[in-house]
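Engineer: Got a structure for you, written out below as structure tokens; questions coming shortly.
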Amino acid sequence: MNDSFYKKGGFILKLLVGLSIVILFFFGCSAKEDEQVQPLPANEDIQVDGRYEAIVTNLNAPWAINKLGDSFYITERTGNIVKVEQGEVVRQEVSLEQTLSTASEAGLLGLVLAPDFEQSNKAFAYYTYEKGQEQFNRVVLLQLENNIWQEQQVLVDEIPSGTYHHGGRLKIGPDNMLYATAGDASDPEIAQDTDSLGGKILRLNLDGSIPKDNLFPGSYVYSYGHRNPQGITWSPDGKMYASEHGQSANDEINEIEAGKNYGWPTIEGDEEQEGLMSPLFTSGEGTTWAPSGMAFYNGKLYVAALRGTAILAFNLDTKEVEEIVNDVGRVRDVWIEEDKLYFITNNTDGRGNPSNKDDQLYSLDL
């Protein structure tokens, strides 16, 4: 046998080894991906105090819950949407036009399904992106097809985004307008600048245009003077409420009125000043809630608390605050339907202490 034969044989052997590595890598990654998000078998439901149970485990830094019928759609900051439907769990890819930011607190954040989602397969999303040396947030329209969400239209762009404080919550209000919370992007002064979109709650038509009845003509700004609002909801009588992170403490729950100034950075917590709105509730100087997603039910505001590691119930009549859940770690968002409360933990966001099944979607009977 000559050298040519050995060279050919060596080449073939290397080729076969290379193909084996590729095959092992592909199937290994697929198996790992399949294990990342799992529904719990009926005989393994996690009961905590006998009051609530885990529905899905191994979520990756989840941020927002949406529910339609029997289906959940949950965003993950890393850039996916997890669909949960009758025991089946699918991690859906989200294809975005801009590079998703991996900065702290940033990524794929808010999500709200379009009112005609069952026919259109469309939803609105809020995400942080990197553009050269700069970073921004934007509100976009997504289209779902074959388990892939595609960015279809930019509705609001270049919302300020700094080291922290990206805001990110999206909700459709009772007026059929889209509302978005925007943080101050670690630049407190822009919260008082009505020409900036940072430190605001924004209001827009579902097609991205500016509503004609917004109080600041030609502007998306609905309210201002916010530090980092991350939750919004409405009571049945149409009143709007928002949760807001304070500076190290002094977290707030506010009733939101169009055109009003909520004080940051001039006042916070219990402080008062003429012309500035003070909160309905504040954690005060000694306590931190880090409130996030919220929902209204039976006279109470149910609010996810990250650093408070709880779900807090704020009674609007008695002004009392009660911990509903306090033993699952950081809680990012809540969703209430009829007499059932659903919530997601956020222990894998880099600031928590995740267990081997975190993060999780839970249900709780109210």
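Engineer: Tell me, yes or no, whether the range 219-238 has at least one residue that is touching a Leu at 6+ places or on another chain (Cβ under 6 Å), at pLDDT 95 or above and not aromatic (Phe, Trp, Tyr).
Structural biologist: no
Engineer: Would you point out the residue of the range 326-366, among those that are under 16 Å from the mean Cα position of the chain (by Cα) and among the acidic types (Asp, Glu), that is modelled with the lowest pLDDT?
Structural biologist: Asp349
Engineer: Could you please find all residues in the range 170-185 being assigned to a loop (DSSP other than H, G, I, E, B) and touching a strand residue (DSSP E or B) at 6+ places or on another chain (Cβ under 9 Å)?
Structural biologist: Those that are assigned to a loop (DSSP other than H, G, I, E, B) and touching a strand residue (DSSP E or B) at 6+ places or on another chain (Cβ under 9 Å): Gly173, Pro174, Asp175, Met177, Gly183, Asp184, Ala185.
Engineer: Now for a different question. Which of the residues spanning the range 71-90 are part of a loop (DSSP other than H, G, I, E, B) and either modelled with pLDDT under 95 or not assigned by TED's automatic domain parsing to the domain that holds Tyr129 (or both)?
Structural biologist: Once the filter is applied, which keeps residues that are part of a loop (DSSP other than H, G, I, E, B) and either modelled with pLDDT under 95 or not assigned by TED's automatic domain parsing to the domain that holds Tyr129 (or both), the range 71-90 yields Gln86, Gly87.
Engineer: Looking only at the range 323-344, how many residues end up being part of a strand (DSSP E or B) and in contact (Cβ under 8 Å) with a residue 40 or more places away in the chain?
Structural biologist: Within the range 323-344, residues that are part of a strand (DSSP E or B) and in contact (Cβ under 8 Å) with a residue 40 or more places away in the chain number 12.
Engineer: Given the residues Glu97, Glu93, which is the only one that is touching a residue at least 40 places away in the same chain (Cβ under 8 Å), surrounded by fewer than 19 Cβ atoms within 10 Å (Cβ to Cβ) and in a strand (DSSP E or B)?
Structural biologist: Residue meeting the stated conditions: Glu93.
Engineer: For His165, work out the one condition from (1) in a loop (DSSP other than H, G, I, E, B); (2) out of contact with any Asp or Glu (no Cβ under 8 Å at 6 or more places or on another chain) it doesn't fulfil.
Structural biologist: Result: His165 passes all but (2).
Engineer: Please specify each residue of the range 173-185 satisfying the condition of being farther than 13 Å from Val139 by Cα and surrounded by 16 or more Cβ atoms within 10 Å (Cβ to Cβ).
Structural biologist: Met177, Gly183, Asp184, Ala185
Engineer: Could you check how many residues of the range 186-213 are closer than 20 Å to Leu141 by Cβ, part of a loop (DSSP other than H, G, I, E, B) and not hydroxyl-bearing (Ser, Thr, Tyr)?
Structural biologist: 7
Engineer: Moving on. Could you tell me how many of the residues in the range 291-307 are polar (S, T, N, Q) and buried (at least 24 other Cβ atoms within 10 Å of the Cβ)?
Structural biologist: Adding up the residues that qualify gives 1.
Engineer: Identify the residue in the range 131-151 that is of a type outside the set (S, T, N, Q) and modelled with pLDDT under 95 and, among all such residues, is surrounded by the fewest Cβ atoms within 10 Å (Cβ to Cβ).
Structural biologist: Applying the filter and picking the extreme gives Gly132.
Engineer: Tell me the residue from Lys212, Lys200, Lys239 that is basic (Lys, Arg), out of contact with any strand residue (DSSP E or B) (no Cβ under 8 Å at 6 or more places or on another chain) and more than 17 Å from Val112 (Cβ to Cβ), please.
Structural biologist: Lys212
Engineer: Here are some residues: Gly167, Gly173, Gly183, Gly162. Which one is among the small types (Gly, Ala, Ser), in the same structural domain as Ser292 (by TED's automatic domain parsing) and without any contact (Cβ under 8 Å) to a residue 40 or more places away in the chain?
Structural biologist: Gly162
Engineer: Going by the conditions given, is Gln143 in the same structural domain as Asp187 (by TED's automatic domain parsing) and more than 13 Å from Thr75 (Cα to Cα)?
Structural biologist: yes
Engineer: Would you check if Thr288 is farther than 15 Å from Glu244 by Cα and surrounded by 13 or more Cβ atoms within 10 Å (Cβ to Cβ)?
Structural biologist: No; evaluated as a whole, the condition is false for this residue.
Engineer: Let me ask something else about it. Between a residue in the range 100-121 that is in the same structural domain as Gly69 (by TED's automatic domain parsing) and more than 28 Å from Thr348 (Cα to Cα) and any residue that is crowded, with 22+ Cβ neighbours inside 10 Å and of a type outside the set (A, V, I, L, M, F, W, C), which pairs come within a Cβ distance under 8 Å, given they are 6 or more apart or on different chains?
Structural biologist: Matching pairs, first to second residue: none at all.
The values are calculated or read from the model by the stated rules, or taken from the named source; none is laboratory data. These numbers come from a predicted model, not from an experiment. FYI the Cβ positions are ideal-geometry reconstructions off the backbone, even for glycines, and counts take in every protein chain you see.
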